[in-house]
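The values are calculated or read from the model by the stated rules, or taken from the named source; none is laboratory data. Quick caveat, the model's predicted, so the values are computed rather than measured. All Cβ positions, glycine included, derive from the backbone under ideal geometry; neighbour counts span all protein chains shown.
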Ligand code: FAD
């Protein structure tokens, strides 16, 4: 009787898909012996390597993934270096003929995939790519003209109809068969991704629990209470602690798949009398898809305005203004609250991201790329597609941007979306004793009111960097100058 030979092992290359459930690359390993690998290849990402806050997240997420894989029987191998060097050499060492991985949309990651595929082919192995970080493959959705979508509404309509038949998520594998004698890898602690002393990320852990279990717990919490139904109204209120899901860093790192979230939200809405309550939330997931669709088709998006006319925009770069914005010292309380929330917790509420972004590019005339770079370094959910598409939307230079003349008024936005001042009082405590009426416009408060609240402007809290009306007029003039030049 012929002897059955054991199938050769495979490598599963984890990237921004740090999960076991609904992971097509891991599922493709089937019953074969598997060596899960993560490669820290910062040179491949270049200037888009994870920023400080994202490195904190990655540290904890890799630790969680390693523990989860170990519990299934196959430990995570950690290696640092160029993926096209590390993966073929590991494949050779363990006799693997295939490397399975999930696709990404970032231009640098696509270039990396091509290099890895070529290097593996030379080593006699194959790169097998699966899925994407999205609900739908961005290469497979085009407008009737055959061109990629440039506006959100028709994009969302087309995608929504395809998602009616979205396949269910894949289960996590049962036991994994380890590769005997796999070489020893590095340790996540040795990579020093998280800060040592001083630990500027100390407060992050009060809000976040990186890893697949943390992602599932967040989703469960969002669906358990009636937050889904409340979402449409609460999502714009930064003072509402649980107004939004808080899933963005988990989605960025692929600790939960958008397909899992989509189905869970739809199922929750279908149960009970909550039909229809899922739509506002699902729409945000479609925005995430749209940002990735844009990045896929316009890989220059992180660096260059999608509307070429904006290349000639008369920005007025000023290190002092940029620094005041970064530190949360613009004199606009809603903006400063947002910038300080970002620094302390690695995250900022979406409404406030829009207001803070608008003040930077419009009232202060700083290039949107400078704001995007700061977000890149400080957000735990920093995502090349979502960050650059949203900054271009705020700046008016995107394909589907808000019209330039719609300029967010930092005082009126604060009064509308943080009417009781809960958000500002939490992050700008030096203004906490000001009455609501003056909280978003302290420089207009009468002197006795300021004194009673213990605020001396210019000492305890800055005067605004720009008068809102003058800032608006300057921004409109700059836009008009750009149009004349174009
Ligand atoms: P929820 O309201 O619960 O939404 C659910 C999910 O939908 C989010 O987790 C996110 O994946 C997606 N989503 C929601 N709003 C948007 C949006 N406007 N664009 C794309 N996807 C969205 N999001 C990032 O994930 N990474 C970024 O780097 C990023 N940079 C941004 C920069 C600016 C200037 C602005 C205005 C927005 C940015 N966003 C970014 C989008 C948005 O602010 C965050 O996704 C959202 O605040 C995350 O919180 P949440 O998970 O509680 O959102």
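Against the test of being within 29 Å of residue 200 (Cα to Cα) and part of a helix (DSSP H, G or I), the options 118, 111, 66 yield a single qualifying residue, 66. Selection over the range 210-248 of residues that are more than 9 Å from the ligand (Cβ to nearest atom), closer than 15 Å to residue 345 by Cα and surrounded by 14 or more Cβ atoms within 10 Å (Cβ to Cβ) gives a count of 3.
The set of residues in the range 325-339 being free of Cβ contacts under 8 Å to residues at least 60 places away in the same chain and touching a strand residue (DSSP E or B) at 6+ places or on another chain (Cβ under 8 Å) is empty.
Let's see how each residue does on (1) modelled with pLDDT of 95 or more; (2) assigned to a helix (DSSP H, G or I); (3) under 30 Å from residue 148 (Cβ atoms); (4) within 28 Å of the chain's Cα centre (by Cα):
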| site | (1), (2), (3), (4) |
| --- | --- |
| 400 | no, no, yes, yes |
| 404 | no, no, yes, yes |
| 416 | yes, yes, no, yes |
| 420 | yes, no, no, no |
| 434 | yes, no, no, no |
| 452 | yes, yes, no, no |
| 465 | yes, no, no, no |
| 471 | yes, yes, no, no |
| 480 | no, yes, no, no |
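Look at the range 279-300: where a residue is in contact (Cβ under 8 Å) with a residue 40 or more places away in the chain and a partner is in a helix (DSSP H, G or I) and near the ligand (Cβ under 6 Å from one of its atoms), sitting 6+ places away or on another chain with Cβ atoms under 6 Å, you get 291/386.
Condition check ((1) surrounded by 20 or more Cβ atoms within 10 Å (Cβ to Cβ); (2) within 16 Å of the ligand (Cβ to nearest atom); (3) under 24 Å from residue 111 (Cβ atoms); (4) more than 26 Å from the chain's Cα centre (by Cα)) across all residues:
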{"residue": "279", "(1), (2), (3), (4)": "no, yes, no, no"}
{"residue": "299", "(1), (2), (3), (4)": "no, no, yes, no"}
{"residue": "302", "(1), (2), (3), (4)": "yes, yes, yes, no"}
{"residue": "309", "(1), (2), (3), (4)": "no, no, no, yes"}
{"residue": "314", "(1), (2), (3), (4)": "no, no, no, yes"}
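For residue 262, the criteria (1) part of a helix (DSSP H, G or I); (2) within 11 Å of the ligand (Cβ to nearest atom); (3) more than 24 Å from residue 38 (Cβ to Cβ); (4) without any contact (Cβ under 8 Å) to a residue 40 or more places away in the chain hold in every case but one, which is (4). Here the condition is being in a helix (DSSP H, G or I) and touching a residue at least 12 places away in the same chain (Cβ under 8 Å); of 27, 74, it holds for 27 alone. Restricting attention to the range 101-126, the residues that are surrounded by fewer than 22 Cβ atoms within 10 Å (Cβ to Cβ) and more than 20 Å from residue 297 (Cβ to Cβ) total 9.
Taking the criterion of being out of contact with any strand residue (DSSP E or B) (no Cβ under 9 Å at 6 or more places or on another chain) and surrounded by fewer than 20 Cβ atoms within 10 Å (Cβ to Cβ), would at least one residue in the range 377-395 satisfy it? Within the range 377-395 (the criterion being out of contact with any strand residue (DSSP E or B) (no Cβ under 9 Å at 6 or more places or on another chain) and surrounded by fewer than 20 Cβ atoms within 10 Å (Cβ to Cβ)), the answer is yes, since at least one residue qualifies. Filtered by the rule that a residue be more than 8 Å from the ligand (Cβ to nearest atom), within 25 Å of residue 104 (Cα to Cα) and in a helix (DSSP H, G or I), the range 345-369 gives 368, 369.
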